[in-house]
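Have a look at the structure below, then the notes.
Values in this text are rule-based calculations from the coordinates and carry no lab data. What you are looking at is a predicted structure, and each value in this text was computed from that prediction instead of being measured. Backbone-built Cβ (ideal geometry, glycine too); neighbour counts: all protein chains shown.
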Amino acid sequence: MPGDFLEKIAAEKYALLKRRAAYYENLKKNLTSRRQTRYGVFKKAVSRPEQLNLIAEIKKASPSAGLLREDFEVLNIARIYVEHKAAAISVLTEEKYFLGKLAYLKRVGEEFHVPTLMKDFIVHEYQVYEGALYGACAVLLIAAMLSDAQMKDLMDTAHALGLDCLVEAHDEPEIGRALKAGAEIIGVNNRNLRSLETNVQNCLRLIPRIPSSKIIVAESGLKTREDMRRVREAGAHAVLIGETFMRAENIGAKIEEVMNGQD
């Protein structure tokens, strides 16, 4: 995958939005602001004190690694996550590179009483409305893809629809922009979304620079119990882990191996 992945996927998202503009306009018109019964649910779940909270991810493939799991039964995977006390479940909904579907998000949310995160490349409010329609409790906003104005507008839209926002940053300027926008939950991504290179040291370096009043999530490349110890000591409240579990023959055993002893 070339180094301009983020620009490439953003362009594809805008093209899709344009092709389906009539659908999205109708969706926005008919989806009235819901009662904000879900606002704060995701935030509360991933910020439980005295433990490192797990946001377990359902992801069939990735652009850097290809197909991650042949045996991909969404509800079976979600059930294992719930049984192993995941605080929340992240569901990839991007179709082309991650083989995700919005239907997966809906199915998980309807079957389990665990907060769900819509994991996608969101560039327009239409996608936030779609996340609300399919039952998300929170949406991912990637600072590298958005201007300051876009970030703030998307956060406002999400909050009006009763959704939390996980605002993802990869470097110190992006963290500053997330803070300026008023983000309450900040994810530090170890993966550079332009080159797709991953370095776990990134979150260890950046997490201490985020105010302790914010909820901090460490993301990408986390594989071992030692990784959990280090990000927790750095100040993370939660970890978002997908590939490590998706590649495991026994997902439950891998969760125990990585997370055991972190409570």
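What is the local net charge at S212, summed over the other residues whose Cβ is closer than 14 Å to its Cβ (Lys, Arg +1; Asp, Glu -1)?
Working: positive: R209, K214, R232; negative: E184, E233.
Value of the local net charge: +1.
Please compute the contact order of segment 65-209 in relative form: average sequence separation of alpha-carbon pairs under 8 Å and at least six residues apart, divided by the residue count, as a percent. Before the final figure, lay out each step's value.
Details: 217 pairs, mean separation 21.2, N = 145.
Relative contact order, segment 65-209: 15 percent.
Take the Cα pairs of the chain, get the Kirkwood Rh, then feed it into Stokes-Einstein at 25 °C and 0.890 mPa s and tell me D in µm²/s.
The diffusion coefficient I find is 134 µm²/s.
Please check: in the Gaussian network model of the chain (C-alpha springs, under 10 Å), which one of A86, A11, A178 has the largest mean-square fluctuation.
It is A11.
With springs only between Cα atoms under 10 Å apart, run a GNM on the chain and tell me which of G66, G162, G40 wobbles the most.
G66
Would you mind working out the magnitude of the charge dipole of segment 139-185 relative to its Cα centre, with +1 at each Lys and Arg C-beta and -1 at each Asp and Glu C-beta, to the nearest 20 Debye?
Working: 3 positive and 9 negative charges, 22 e Å.
Roughly 100 debye for segment 139-185.
Quick one: pull the percentage of alpha-carbon pairs in segment 109-223 with a separation above 22 Å. All intermediate terms of the calculation are to be shown ahead of the outcome.
On the way: 2064 of 6555 pairs.
Summing the P(r) tail past 22 Å for segment 109-223 gives 31 percent.
Note down the nm distance, to one decimal, between modelled labels 7 Å out along Cα→Cβ at H113 and at E12.
With each label point 7 Å from Cα toward Cβ, the separation is 3.8 nm.
May I ask you to list the aspartates and glutamates whose Cα is less than 14 Å away from that of K223, ignoring any residue fewer than eight positions away on the same chain?
Straight-distance partners of K223: E57, E243, E256, E257.
Using helices alone, what [θ] at 222 nm do you get for the chain, with -39,500 (n - 2.57) per DSSP H run of 4 or more residues, divided over all residues and rounded to the nearest 500?
On the way: 12 runs with 112 residues, N = 263.
My calculation for the chain gives -12000 deg cm²/dmol from helical runs alone.
Cβ under 11 Å from C165's Cβ, C165 left aside: what net charge do those residues give with Lys, Arg +1 and Asp, Glu -1?
Working: positive: K43, K152; negative: D156, D164, E168, E184.
Summing Lys/Arg as +1 and Asp/Glu as -1 gives -2.
Counting DSSP beta bridges with both partners in the chain, what percentage is antiparallel, nearest 5?
Numbers: 3 of 34 bridges.
Given both bridge residues lie in the chain, the antiparallel proportion sits at roughly 10 percent.
Name the aspartates and glutamates eligible as straight-distance cross-link partners of K180: C-alpha to C-alpha under 18 Å, and not fewer than 8 places from it in the same chain.
Those aspartates and glutamates meeting the cut-off are D148, D153, D156, D164, E168, D171, E172.
Mean separation of Cα pairs under 8 Å and 6+ residues apart, divided by the residue count of segment 79-129: what relative contact order is that in percent? Each step should come with its number before you reach the end.
Details: 54 pairs, mean separation 19.1, N = 51.
Relative contact order, segment 79-129: 37 percent.
Based on DSSP H assignment, which helices of the chain show an axial Cα extent of at least 20 Å together with a mean Kyte-Doolittle hydropathy greater than or equal to -1.0? Display every interim value, and only then the final one.
Working: long enough: 5-19 (21 Å, -0.03).
In the chain, the long hydrophobic H runs are 5-19.
Which whole-number percentage describes the relative contact order of the chain, with Cα contacts under 8 Å and a sequence gap of 6 or more?
Working: 505 pairs, mean separation 55.7, N = 263.
Once divided by the residue count of the chain, the mean separation gives 21 percent.
For E70 and E233 in one chain, what is 0.36 nm times their gap in residues minus the Cα-Cα distance, to one decimal in nm? Please report the intermediate quantities before stating the final value.
On the way: separation 163, 0.36 × 163 = 58.68 nm, distance 3.51 nm.
Full-extension gain reported as 55.2 nm.
Treating only the Cβ atoms of Lys and Arg (+1) and Asp and Glu (-1) as charged, compute the dipole magnitude of segment 157-207 about its Cα centre; round to the nearest 20 debye. Walk me through the numbers before you get to the answer.
Details: 5 positive and 7 negative charges, 19 e Å.
The dipole of segment 157-207 has a size of about 80 debye.
Can you compute the charge dipole magnitude of segment 91-172 about its Cα centre, using +1 on each Lys and Arg Cβ and -1 on each Asp and Glu Cβ, nothing else charged? Give it in debye, rounded to the nearest 20. Present the calculation step by step, with values, prior to reporting the outcome.
Working: 6 positive and 14 negative charges, 74 e Å.
That gives a dipole near 360 debye.
Toward the positive end of the charge dipole of segment 51-90, about the Cα centre and with charges on Cβ (Lys, Arg +1; Asp, Glu -1), which of L67, I80, I55 goes farthest?
I55
What is the antiparallel percent of DSSP beta bridges lying wholly in segment 99-254, to the nearest 5? Write down the numbers at each step before the final one.
On the way: 1 of 20 bridges.
The antiparallel fraction comes to roughly 5 percent.
Write out the GluC sites (Glu not before Pro) in segment 148-243 meeting two conditions: DSSP loop, and at most 13 other Cβ atoms within 10 Å of their Cβ.
Taking segment 148-243 and a limit of 13 other Cβ atoms within 10 Å, the loop GluC sites (Glu not before Pro) found are E197.
Which of these, V82, V231, V46, has the largest mean-square fluctuation under a Gaussian network model of the chain (Cα springs below 10 Å)?
Taking springs between Cα atoms under 10 Å, the residue moving most is V82.
My understanding is that a pair violates if its Cα-Cα distance is over 24 Å; which of K8/K106; K28/K59; K119/K152 do that in this structure?
On the way: K8/K106 27 Å; K28/K59 27 Å; K119/K152 18 Å.
Table pairs above 24 Å Cα-Cα are K8/K106; K28/K59.
Compare the Cα positions of L154, S212, A178 along the charge dipole of the chain (+1 at Cβ of Lys, Arg; -1 at Cβ of Asp, Glu; about the Cα centre) and return the one farthest towards the positive end.
Going by the Cα projections, it comes out as L154.
Compute the separation of the alpha-carbon centres of segment 5-27 and segment 163-240 and state it in Å as a whole number.
27 Å
For an R0 of 51 angstrom, estimate the FRET efficiency from the Cβ-Cβ distance between N250 and K29 and round to the nearest 0.05.
Details: r = 47 Å, r/R0 = 0.91.
My answer for the efficiency is 0.65.
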